[in-house]
Every structure is written in C-alpha cells, then in structure tokens.
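Data first, discussion second: the structure below is written as structure tokens.
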Amino acid sequence: MYETQVQELSPEEAKRLYDQGVPFFDVREVEEYAQARIPGARLLPLSEFMARYGEIPKDTPVVLYCRTGNRSWQAAAWLSAQGYRVYNLEGGIVRWYRAGLPVDTTPMEAAYRATPYQEVGPEEAKALLEEAFVVDVREAWEYGEGHVPGAVNIPLSTLPQKLAELPKDRPILLVCNSGNRSGVAAEFLVAQGFDGERVYNLEGGTYAWASRGLPLER
C-alpha cells in the first residue's frame, strides 16, 4: 500500500528519544490507552487519524506506537509519505513493557465522543443512493471485488488530495468493508468543512450491505 520505508526503533532506541523529549503518540483506541500507556504519550487513535493528524508537529521527530507496532506502522507510513519525520516503535507497548521500560497504569476513565457525522445501516444507505454521492474508500483491488452500486473509488490514503472531487451540495455516503476506514474518512470530511448532517458512514460496510441481500457491482 505504501512505498515509503518506515523507520523502526527498538524500545531502547525509542527510550533515548523519549529521554530527549521527543513527542510520543499512541494510536490505539481510547479504552486501550485508558488501561496503560507510555508516560506522557498523547492519544491519537488510528480511527480518528485522518481527521486529527494535523495535531502532530511537523517540525520535530515523533514516535508512534500501538500494542504491537502494526497499527502505528500504518500511521507512520502515511505520515512519512506526507513529509513528517516519524518513527515506529517496533513491537509496540508490549515490547516496551517487556524491556522493563516505564508504563503508566494509573486508571483513567475512557471518554467516548459522539461522531460528528451520521451512521446509517444498509437499508437507510440504500434509500440514500438516488441522491447521495457514494465514495468507497477501500483499495482498488477491494473495490473491484464488489462495491455498492454507483460508488466512486477514492482510497482513504488519497482522500486528502481528492477533496475537490467531492460535492458539498449533496449527501456523501462513505463505504468500506466494515465501516472503520469509512468512519475515519467521514470524520476527516467533517473536519475539512463538510456538513456533518450530510456526511454518512455505512455502518458495517459492504459486509453488512451484502448480508442484507443488497446487490454489489463488479
């Protein structure tokens, strides 16, 4: 998906940057962060990443981490392609902890935010098709295997460069396999000035759509 090479750091290498004051960002979900985190790390969940990546400084190196390094690798690859100086903590907080490095386990209340866009199920989404501009944010090969009729393919990683192609005078229905990537896209569009009342995410994605017997185009 990404040609960019991500710079991986061992826990010991990451700790040296940590001691120098380099910012750490945790891309896990809020409930994971609430249980345990690297002290001082800021929470920026991968599910909100496209909408909030502007919170990451571009004038200094940063270190990203998750539980095992996989989700943070995705985020690091995308940021690196945008010109950020970013490192990924190899093995995530699990390997950090096993290396004997500090972890903050002070209990925190997990705070959940209401989504700034509209969640719809398959039947509601079907009713939107006549009026809505439908965007499938999966990769091209996924789109080719079957998509909601009439959907335009704009992979999530290219969405920031394709905003001019999206109408602001029609509802926009965002789709992926399960509703996760399209939820990130929906939040990003609202952050870019699209009306949250007219931005819709297909909850459950094409899996839910097909399970209701609704047709997919190929």
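Annotation note: trypsin sites (Lys or Arg not before Pro) in segment 93-157 located in DSSP loop regions with a Cβ neighbour count of at most 10 within 10 Å are Arg113. Calculated accessible area for the chain comes out at 50 Å² per residue, all protein chains present (probe 1.4 Å; ligands, DNA, RNA ignored).
Between beta-carbons, use under 10 Å as the cut-off and find the net charge around His147, counting Lys and Arg +1, Asp and Glu -1. Taking every other residue near His147 into account, the sum is -2. Fully extending the segment from Thr115 to Gln35 would add 26.5 nm, taking 0.36 nm per residue of separation and subtracting the current Cα-Cα distance. Measuring r between the beta carbons of Asn180 and Arg218 and using R0 = 22 Å, the FRET efficiency lands at 0.45. What angle do you read, to the nearest 10 degrees and between 0 and 90, between the alpha-carbon axis of helix 70-81 and the longest principal axis of the chain? Helix 70-81 and the main axis of the chain meet at about 80 degrees. Residue-wise HN-Hα couplings along segment 125-139, as the Karplus relation 6.51 cos²θ - 1.76 cosθ + 1.60 with θ = phi - 60° gives them from phi, are 4, 4, 5, 7, 4, 5, 9, 7, 8, 9, 10, 9, 9, 7, 6 Hz; Gly and Pro carry x.
Share of carbon and sulfur in the accessible area of the chain stands at 47%, probe radius 1.4 Å.
Cross-link partners for Lys15 among the lysines, with Cα-Cα distance under 28 Å and sequence neighbours closer than 8 places in the same chain left out: Lys58.
Given R₀ = 45 Å, FRET efficiency for Ser211-Val22 by Cβ-Cβ distance, to 0.05?
That pair, Ser211 with Val22, gives E of 0.50.
Our summary gives segment 142-218 a relative contact order of 42 percent, counting only alpha carbon pairs under 8 angstrom and 6 or more residues apart.
DSSP loop trypsin sites (Lys or Arg not before Pro) in segment 1-65 with at most 15 other Cβ atoms within 10 Å of their Cβ, which ones? Show your work: numbers first, answer last.
On the way: sites: Lys15, Arg16, Arg28, Arg37, Arg42, Arg52, Lys58; in loops: Arg28, Lys58.
Within segment 1-65, the qualifying trypsin sites (Lys or Arg not before Pro) (loop, at most 15 other Cβ atoms within 10 Å) are Lys58.
Our coupling estimate for segment 101-108, obtained by passing each phi through the Karplus curve with A = 6.51, B = -1.76, C = 1.60 and θ = phi - 60°, is 8, x, 10, 8, 10, 4, x, 10 Hz, Gly and Pro reported as x. Here the sum of -39500 (n - 2.57) over DSSP H runs of 4 or more residues, divided by the residues of the chain, equals -8500 deg cm²/dmol at 222 nm, to the nearest 500. Taking the C-alpha atoms only, the angle from helix 180-191 to the longest principal axis of the chain is near 90 degrees. For segment 1-102, the relative contact order works out to 35 percent when only alpha carbon pairs closer than 8 Å and six or more residues apart are counted. The value of relative contact order for the chain, using C-alpha pairs under 8 Å at least six residues apart, is 21 percent. Between Asp195 and Asp104, the contour length at 0.36 nm per residue exceeds the Cα-Cα span by 28.9 nm. Proximity of backbone amide H atoms, modeled 1.01 Å from N, is registered between Gln7 and Asn88 at under 5 Å, excluding neighbours fewer than 5 places apart on the same chain. Scanning the chain for GluC sites (Glu not before Pro) that sit in a DSSP loop and have at most 13 other Cβ atoms within 10 Å, the longest stretch containing none of them is 4-108.
Computed from backbone phi, the HN-Hα couplings of segment 91-97 come to x, x, 5, 5, 5, 4, 5 Hz, rounded to whole numbers (Karplus: 6.51 cos²θ - 1.76 cosθ + 1.60, θ = phi - 60°; Gly and Pro given as x). When both segment 161-218 and segment 39-90 are represented by their alpha-carbon centers, they are found 24 Å apart.
The values are calculated or read from the model by the stated rules, or taken from the named source; none is laboratory data. Only a predicted model underlies this, so the values are computations on that prediction, with no experimental measurement involved. Please note: Cβ atoms are built from the backbone with ideal geometry, for glycine as well, and neighbour counts cover all protein chains shown. For accessibility, only protein heavy atoms count, side chains too; no ligands or nucleic acids. Shrake-Rupley method; radii C 1.70, N 1.55, O 1.52, S 1.80 Å.
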